[in-house]
Amino acid sequence: MPIKVLNKVCERCNKHYLTYEADKNFCTDECKFKKLYCQHFKVKDYNFDAKVKNCQHCGEISRFKFCNKHCENAYKRKEYKKESIKKSCEDREKPKRKGISYEELNRRAEWKRLNDDEGWLRRFNSVR
């Protein structure tokens, strides 16, 4: 007598599957473990597959925002580069600050040098 093929419905995902085992209640081991996980932690059965995301850098499927550290670092470098370009464009748009001319700076430095030397002579050599 041939073995009977059973058409069953998975307890977790409600998919139809064929099996030879009468006591098998799940279509795959993955469904079985997910159902046991939900029962153990007393969590409502939620769609585990909905937690899968695409990596923001390369687009591969991952449970996290990035699939690995390389993609995360590359994405951060790219964002940093965008921000720095944006800041540099803003800096170029600002008018440049008008500074003091070299002649004025030299005049002030010369005055300070002469006055500081005289102050030093007065303090330490008692010249009056």
Distance in nm between pseudo-label sites at Lys65 and Arg108 (7 Å out along the Cβ direction from Cα): 4.6
Filter on Lys8/Lys35; Lys32/Lys65; Lys53/Lys86 - keep pairs with C-alpha separation over 19 Å: Lys32/Lys65; Lys53/Lys86
Residues whose placed amide H lies under 5 Å from that of Ser62, excluding near-sequence neighbours: Lys53, Asn54, Cys55
Ranked by how many other beta carbons lie within 10 Å on average, peptides 29-35, 13-19, 88-94 from highest: 29-35, 13-19, 88-94
Full-stretch length increase - Ile3, Phe41 - with 0.36 nm per residue and alpha-carbon distance subtracted: 9.9 nm
From phi via Karplus (6.51, -1.76, 1.60), per-residue ³J(HN,Hα) for the range 9-14 in Hz, x at Gly/Pro: 10, 5, 5, 8, 9, 6
Two-site label geometry, Asn73 and Phe33: point separation in nm, points 7 Å out along Cα→Cβ: 3.0
Gyration tensor (alpha-carbon) shape descriptor, the range 1-46, a/c threshold 1.5: prolate
Inter-site label distance for Asn14 and Lys87 at 7 Å from Cα along Cβ, in nm: 5.3
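Bear in mind these aren't lab numbers, they're just calculated from the coordinates by the rules spelled out. If you're wondering where the values come from, they're calculated on a predicted model, not measured in any experiment. Positions of Cβ are backbone-derived with ideal geometry, glycine not excepted, and every protein chain shown enters the neighbour counts.
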